[in-house]
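The values are calculated or read from the model by the stated rules, or taken from the named source; none is laboratory data. Here the structure is a predicted model, which means the values were calculated and not measured. Note that each Cβ is placed from the backbone with ideal geometry, even for glycine, and that neighbours are counted across all protein chains shown.
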Amino acid sequence: MTDAFTDYLQAVLSERRLRHRYRQRRQLDSAQGPQVTVAGREYINFCSNDYLGLAAHPEVVTALRDATYQWGAGSGASHLVCGHSGEHHALESELAAFCGRERALLFSTGYMANLGVITALVGRGDTLLQDRLNHASLLDAGLLSGARSSRFLHADMDSLQAKLATARGRTLIAVDGVFSMDGDLAPLPTLAALAQEHDAWLMVDDAHGLGCLGPTGAGSVEHYGLGQAEVPVLMGTLGKALGGFGAFVAGSETLIEGLIQLARPYIYTTALPPAVAAAMRVSLRLVSREPWRRQHLQALIERFRRGAHSLDYSLMSSTTAIQPLVTGSDSSALRLTQALEAEGFLVSAIRPPTVPESSARLRITLTAAHSEQQVDDLLAALKRVRPVLQEGEA
Ligand SMILES: *Cc1c(COP(=O)(O)O)cnc(C)c1O
């Protein structure tokens with residue numbers, strides 16, 4: 001009747017339910033955007049990573065449709081077999097130029113890009129140093145690489161320095177440019193200086209900075225005025241501010257040629273559909289052509305923070321589109337999300353193990369597609385539901 005696997009899974013499920021950590025999906029019945037429909041009801045959406053409002057942009061959608069007619073639905077093979085199309089190649093060149101790098105290489109997802117680049121660069125006898133709050137894909141890449149992998153305290157340069165002192169072999173320092181659950185920026189200038197001092201390479205995963213930060217939208221590295229010399233490995237994703245799907249690594253000619261030879265998640269997987277690459281070329285042009293998207297987003301961030309300060313919530317110091325409100329307990333985060341949902345707002349509750357114990361939070365994300373009114377409405381709702389935080393805490 002039962003077997004070891006079913007027993008194991010059922011134990012996991014009941015433990016998750018008991019601890020308010022059961023993960024469930026919402027089913028959207030509309031395209032991604034500031035307003036979405038879930039189960040027949042319309043919500044204002046404050047949980048997507050579509051930071052510039054490009055996921056359903058008509059020019060991007062048209063490019064995807066037109067390119068599908070021209071290139072078909074799928075790429076048909078991996079890049080190294082016969083799946084590398086002219087659209088992929090053009091997008092790689094444009095991404096490299098956009099980020100001020102010699103070359104760029106497309107990956108199917110950011111998760112795979114991180115696995116690919118880290119396992120290609122470090123292995124047994126090498127050292128990988130990561131911020132404690134790095135994205136799960138970077139942490140997993142460390143395990144897979146076989147390198148001596150260790151995590152320094154979040155944004156703590158003394159902690160990093162202590163680990164650098166005992167590093168062996170090739171040393172790679174990897175950080176999120178913008179931390180995905182806290183929204184703060186990594187101290188890249190100090191990290192770059194330390195890396196240079198110790199003959200290490202610095203890798204930045206800029207999933208949440210690309211498109212949003214820097215004078216031209218090239219991300220957190222550009223924000224700090226750094227380039228390829230200071231940050232030899234730059235990873236960016238196409239599924240967030242660019243509104244599509246996929247990812248890339250940008251850097252020197254040598255890095256990219258090395259990845260093509262070594263990165264298994266690049267070699268052994270089907271290339272993105274060429275039409276997705278074509279659509280992402282249009283997204284990239286919109287990022288460059290319409291700086292108002294970044295400016296409007298920045299104005300909304302400031303508006304939200306000003307409003308939230310007066311509401312007696314614990315706001316983190318983030319200056320980016322990711323604005324977490326820490327509630328502490330898992331159940332209070334859940335109660336708050338449910339209360340907001342009843343008010344017509346979608347906000348995600350983030351609980352351990354995604355974030356450290358006792359730091360459950362609402363992860364509010366703002367996008368350029370939101371209006372000032374929608375932000376004000378969210379603030380008003382946050383004010384109304386505030387008493388929910390006290391309930392059940394006794
Ligand atoms: C989303 C994300 C990834 C993964 O990118 P996908 O393309 O969604 O696989 C990697 N790193 C960070 C910091 C992210 O936020």
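Remarks
- If you go through region 121-141 and keep only what is more than 15 Å from the chain's Cα centre (by Cα) and in a loop (DSSP other than H, G, I, E, B), you end up with 122, 123, 124, 125, 126, 132.
- Condition met for residue 320 (surrounded by 16 or more Cβ atoms within 10 Å (Cβ to Cβ) and either assigned by TED's automatic domain parsing to the domain that holds residue 100 or of a type in the set (S, T, N, Q) (or both)): yes
- Residue within region 137-153 that is within 13 Å of the ligand (Cβ to nearest atom), crowded, with 18+ Cβ neighbours inside 10 Å and either over 22 Å from residue 363 (Cβ atoms) or among the basic types (Lys, Arg) (or both) present: yes
- Cβ separations smaller than 7 Å between residues 6+ apart or across chains give the following pairs from region 34-58 residues that are free of Cβ contacts under 8 Å to residues at least 12 places away in the same chain to residues that are acidic (Asp, Glu) and surrounded by fewer than 24 Cβ atoms within 10 Å (Cβ to Cβ): 35/42; 37/29.
Residue-by-condition table, conditions (1) in the same structural domain as residue 213 (by TED's automatic domain parsing); (2) closer than 19 Å to residue 52 by Cβ; (3) modelled with pLDDT under 95:
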residue	(1), (2), (3)
244	yes, yes, no
249	yes, no, no
256	yes, no, no
268	yes, no, no
271	yes, no, no
274	yes, no, no
277	yes, yes, no
298	no, yes, no
302	no, yes, no
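- Selected residue (criterion: modelled with the lowest pLDDT) from residues of region 1-50 that are over 24 Å from residue 324 (Cα atoms), part of a loop (DSSP other than H, G, I, E, B) and outside the structural domain of residue 324 (by TED's automatic domain parsing): 1
- Close pairs from region 119-144: first closer than 11 Å to residue 172 by Cα and of a type in the set (Asp, Glu), partner away from the ligand (no atom under 13 Å from the Cβ) and at pLDDT 95 or above, Cβ under 6 Å, at least 6 apart: 126/147; 126/169; 126/170
- Every residue from region 28-60 that is out of contact with any Phe, Trp or Tyr (no Cβ under 8 Å at 6 or more places or on another chain) and hydroxyl-bearing (Ser, Thr, Tyr): 30, 48, 51
- Considered as a group, the residues in region 96-117 that are within 15 Å of the ligand (Cβ to nearest atom) and in a helix (DSSP H, G or I) include one that is nearest to residue 230 (Cα to Cα), and that residue is 117.
- All conditions in (1) in a helix (DSSP H, G or I); (2) within 16 Å of the ligand (Cβ to nearest atom); (3) free of Cβ contacts under 8 Å to residues at least 24 places away in the same chain hold for residue 159, with the sole exception of (2).
- Hey, residue 170 surrounded by fewer than 20 Cβ atoms within 10 Å (Cβ to Cβ), of a type in the set (D, E, K, R) and over 23 Å from the mean Cα position of the chain (by Cα) or not: yes
- Of all residues in region 38-56, those satisfying the criterion of being more than 16 Å from the ligand (Cβ to nearest atom), out of contact with any strand residue (DSSP E or B) (no Cβ under 6 Å at 6 or more places or on another chain) and closer than 25 Å to residue 210 by Cβ are 53, 56.
- Residue identified as away from the ligand (no atom under 11 Å from the Cβ), at pLDDT 95 or above and crowded, with 19+ Cβ neighbours inside 10 Å among 194, 185: 185
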